[in-house]
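Report on the structure given below.
Nothing in this text is a laboratory measurement; each read-out follows from the coordinates by a stated rule. None of the values given here were measured: they were computed from a predicted structure. As a convention, Cβ positions derive from the backbone with ideal geometry for all residues, glycine included, and neighbour counts pool all protein chains shown.
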Amino acid sequence: MRILYVNDVHYHGPSEPHYPKTVITMPLFFDLLRACAAETDLLIVGGDAVNRGSARIEELESFRDALDAAGIPYLVVAGNHDIAPSAHFAARYPGMEDMEPVPLIETRFGQVFGERGLRHVCELTGWKGVFLSVRDDDPDGQLPWLEGALADRQPALVFCHYPITPARSGGFCQTWEYRRIGGIRERLLELALAGNVRAWFCGHLHINSRVRVGRMEQIVTGALGLATCAYRLLDISPAAIRITTHRLPDVPDWLADAMNPDRSQDDAHPTIEAYHWGNDEERDFTLAY
């Protein structure tokens, strides 16, 4: 089974672009989908599919229609640009992360992508795939659902937008941007470790990272629409998963919009390129069952 996995697409659709680079990257992304359609079994979009999903349902609808036209089976989970996770950040980013005081299924994202985009379990060639959208402090009961989904302790792959442990030992990704789900992050990590999660796939930080916590690997994938312009291919068999990382072709000057360039360094990543793009072992590796 082959999965094409992307994060932080930031599709703007009928709206003005929030990130200028997406004017270049969106046509390249859909070119990629068309080129990969015949050999791809599933497309997973791991959050921040659009820019203003909690404020403009038309962005979500346009993205859904574009995915439908690509002809690849897909699953989309929500990021902070799709469903606002907290009132605090909603107040900071009006029109971008507007809080929706309704059940998840009634949010704009829920209306467009349904229950499968909110919480879903499926079989991925012998592995359990778990797909989860969350808001801070969990007003929606997602944590008890996740605990139940992992109760049989079958080796699982979780796809959620948010990292649950620091992605770097230094620099901005050591402490930055874990607060959107700060009230539930530690509990998510506890559930993942207790539930035999082999890999927690996430994004949000716009870098490529691989961190081991116990028997679990947290795998952060860089932004498809900007900065790294990265995607991963997951070739899954019952015995192992081969993960390779790729960049959209023909994107000029990919480092120009890397976040926090003055804080993009730690001992294992001494340059801004290494910090964002990741080291060799963070981009191409194999997970055993």
Select from region 128-155 the residues that are over 14 Å from the mean Cα position of the chain (by Cα) and surrounded by 23 or more Cβ atoms within 10 Å (Cβ to Cβ) and write down the one among them that is nearest to residue 47 (Cα to Cα).
135
Consider region 66-100. How many of its residues are assigned to a loop (DSSP other than H, G, I, E, B) and of a type in the set (Gly, Ala, Ser)?
6
Considering every residue within region 41-58, establish whether at least one is over 25 Å from residue 105 (Cβ atoms) and either touching a helix residue (DSSP H, G or I) at 6+ places or on another chain (Cβ under 9 Å) or of a type outside the set (S, T, N, Q) (or both).
yes
Taking region 178-208 and keeping residues part of a loop (DSSP other than H, G, I, E, B) and within 18 Å of residue 275 (Cα to Cα) leaves 178, 203, 204, 205, 206, 207, 208
Which residue pairs have Cβ atoms under 6 Å apart, sit 6 or more places apart or on different chains, and have a first residue in region 219-233 that is of a type in the set (Lys, Arg) and a second that is part of a strand (DSSP E or B)?
232/5; 232/243; 232/245
Which one is surrounded by the most Cβ atoms within 10 Å (Cβ to Cβ), of the residues in region 159-177 that are part of a loop (DSSP other than H, G, I, E, B) and out of contact with any helix residue (DSSP H, G or I) (no Cβ under 7 Å at 6 or more places or on another chain)?
161
In region 32-53, how many are part of a loop (DSSP other than H, G, I, E, B) and within 17 Å of the chain's Cα centre (by Cα)?
7
Residue 9 - would you say it is aliphatic (A, V, I, L, M) and assigned to a loop (DSSP other than H, G, I, E, B)?
yes
For residues that are without any contact (Cβ under 8 Å) to a residue 60 or more places away in the chain and acidic (Asp, Glu), scanning just region 255-289, find the one that is farthest from residue 219 (Cα to Cα).
262
